[in-house]
Amino acid sequence: MAAIEYANWVVTLMVVHLLASILAAEPRDLRLSLTSLIVQSLTLSIIFALFAFLFAQPWLYSWAVWTFLTKVLVIPGLLIWYVRVFPKREVDPFIGFRLGVVLLLVFLTVFYRFIYTYIYFIVPIPEAMVEPAKSSLALAFTVFALGVYICVVKRDVVKVIIGVIILENGIHLSLVTLAPSLPETTIMGITTNIFVAAWLLLYLAGRVYTALGTTDTATLSELKR
């Protein structure tokens, strides 16, 4: 009963993680998106800690702490620092808000159900067929797909950075689900953190905003002139 209870906690946290990911993607208010991103990363850190407890893998606690420090504190802090001089509202994306929300919800629902139903063909190991691993993997792939969607559809450079972070969080969730018993998984998760990449993107975004007065990635071709 205790294992089932903890598994339910994992699934609940993953639902919150996905909802926070959607809220980080769609609102035009960048401050709301950043707040949602912090919640998304915080739930990921808690999921890592819960996996460490469920599978008795103490090294996963270090990954949970590292995720908290970098993705809940440091990277959002950098984003907030840079966003304070940017427009508070994102550049209008290629797809309108209402249509974007509808398409995104339909796509994520269908995509999640597809991955969940055919998870054995995607990850052909027995461990992937039991909870909470099955739901966790389906969510991980869905969050990854959401990150790709943000990077493709959004034009605001801050939203693109948020998309990259969400995409990477999906990769980390799949790693910890597939191999929680391997210490190497923790090392991979820590070393593939995108702290440096996020800082570089924000630095370049600041330079672009200074030069062009906009955070619209569609205008970057003007820098060639």
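The values are calculated or read from the model by the stated rules, or taken from the named source; none is laboratory data. Since we're looking at a predicted model, the values are computed, not measured. Ideal geometry is used to build each Cβ from the backbone, glycine not excepted, and the neighbour counts take in all protein chains shown. These area figures cover heavy atoms from the full protein model, side chains too; ligands, DNA and RNA do not enter into them. Shrake-Rupley method; radii C 1.70, N 1.55, O 1.52, S 1.80 Å.
Reported count of residues in the range 121-164, each being in a helix (DSSP H, G or I) and charged (D, E, K, R), is 3. Contact map, the range 107-133: first residue closer than 18 Å to Thr12 by Cβ, second residue open to solvent by 80 Å² or more (accessible area, probe 1.4 Å) and part of a helix (DSSP H, G or I), Cβ cut-off under 7 Å, separation 6 or more or different chains; pairs are Ala133/Glu127.
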